[in-house]
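Let me begin by presenting the structure, written as structure tokens, before commenting on it.
The values are calculated or read from the model by the stated rules, or taken from the named source; none is laboratory data. Predicted, not measured: the structure shown is a model, and the values here were computed from it. As a convention, Cβ positions derive from the backbone with ideal geometry for all residues, glycine included, and neighbour counts pool all protein chains shown. Areas reflect the complete protein model, heavy atoms only, side chains present, ligands, DNA and RNA absent. Shrake-Rupley method; radii C 1.70, N 1.55, O 1.52, S 1.80 Å.
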Amino acid sequence: MPVDEHMAALPSLRQRRRAAATQEILDAAERQIAENGPAALSLRAVARSLGMTVQALYHYFPSRDELVTALIAKAYEALGDAVQAAVDASREDSAMERVVTAAEGYRRWAVDHPERFQLLYGTPLRYYEAPVEGATTQAVRRMGAIFEREMFDGFTPAQLAAVDASELSPAFVAYLDALPPTGQDALPPILTALVMSAWGHMHGLVVLEVFGHTTFLGEHPAEIFRMGMRNTLKDIFNRIPPVEQAG
């Protein structure tokens, strides 16, 4: 690449300064959330902690909602990174064990960052509305895709299409079948119900722990979590027929 083109591709000094200032604001906001909880987030307090005026902070985040959106997206990305790192460390394991490990990565991040987890899944911030199809939605989809990709790795489309979900009502099955596809490698719609059930079980156990409802388990909530995830996934995998039956 010629020198002039290389220089043009690099961020300008102004862009680098803006990126650094934006990161400082996000870091200060995360510290405030860690100290006082998500509901106490204040643009004025964030600006004061950085020696800025609120008006100066508005140059980077024109509203509280934009700052909250950036914080939520950043937290989802960090959570997704933790899940992906857990999966990458278990590549030699079976599909079920990789999903269990991914779930454990989800749990560990939540337990290690309870305030940021509560920003994502705690009491909704008053007056805040996430932008439709915005950064937060994309970050959530990225994390969900990790679980879907690992959960059904190695199964054929015919096997997944023949999954046993007989407990679903005909009306619900029809509704799921009518849903638009979410991507080229989207799961058969009927599997959506099973995935959401597993996700709900995983998330519910994590919420109980993060909000302090499992202290009676002493030092063993991780063991309960792993058992719960293994049993949930066994139930799902047992519903997927062998190749010869799916054909």
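Kirkwood radius, region 91-231, all distinct C-alpha pairs, inverse of mean reciprocal distance: 17.1 Å. Between L176 and A39, the FRET efficiency estimated from the beta carbon spacing at R0 = 35 angstrom works out to 0.45. Provide the FRET efficiency to the nearest 0.05 for the Q245-T215 pair, computing r from the beta carbons and using R0 = 41 Å. Result of the calculation: an efficiency of 0.35. The GluC sites (Glu not before Pro) of region 183-241 that DSSP puts in a loop, and whose beta carbon has at most 15 other beta carbons within 10 Å, are E219.
Accessible surface ranking for E133, E167, 1.4 angstrom probe, highest first: E167, E133. Remark: spin-label model distance L10-D235 equals 5.7 nm, labels positioned 7 Å along the Cα→Cβ axis. In whole Å, how far is the Cα centre of region 31-69 from that of region 93-160? First find each Cα centre; the distance between them is then 26 Å.
Of the chymotrypsin sites (Phe, Trp or Tyr not before Pro) found in region 62-127, those that fall in a DSSP loop while having at most 10 other beta-carbon atoms within 10 Å are Y127. Segment H203..A222, full-extension length gain: 5.5 nm, with 0.36 nm per residue of separation and the alpha-carbon distance subtracted.
A 1.4 Å probe over all protein chains sorts L41, L168 by accessible area into L168, L41, starting with the largest.
Once backbone amide H atoms are built at 1.01 Å from N, L50 has no partners under 5 Å, excluding neighbours fewer than 5 places away on the same chain. Site pair S169 and A56 shows an inter-label distance of 5.9 nm when each label is modelled 7 Å from Cα along Cα→Cβ.
The overall shape of the chain, judged from the alpha-carbon gyration tensor, is prolate: a/c is not under 1.5, and a/b is greater than b/c. The long axis of helix 135-151 is offset from the longest Cα principal axis of the chain by roughly 30 degrees. What the Cβ-Cβ distance of R17 and Q138 gives, at R0 = 25 Å and to the nearest 0.05, is a FRET efficiency of 0.40.
Computed on protein heavy atoms with a 1.4 Å probe, the accessible areas place R31, R142, R48 in the order R48, R31, R142, largest first.
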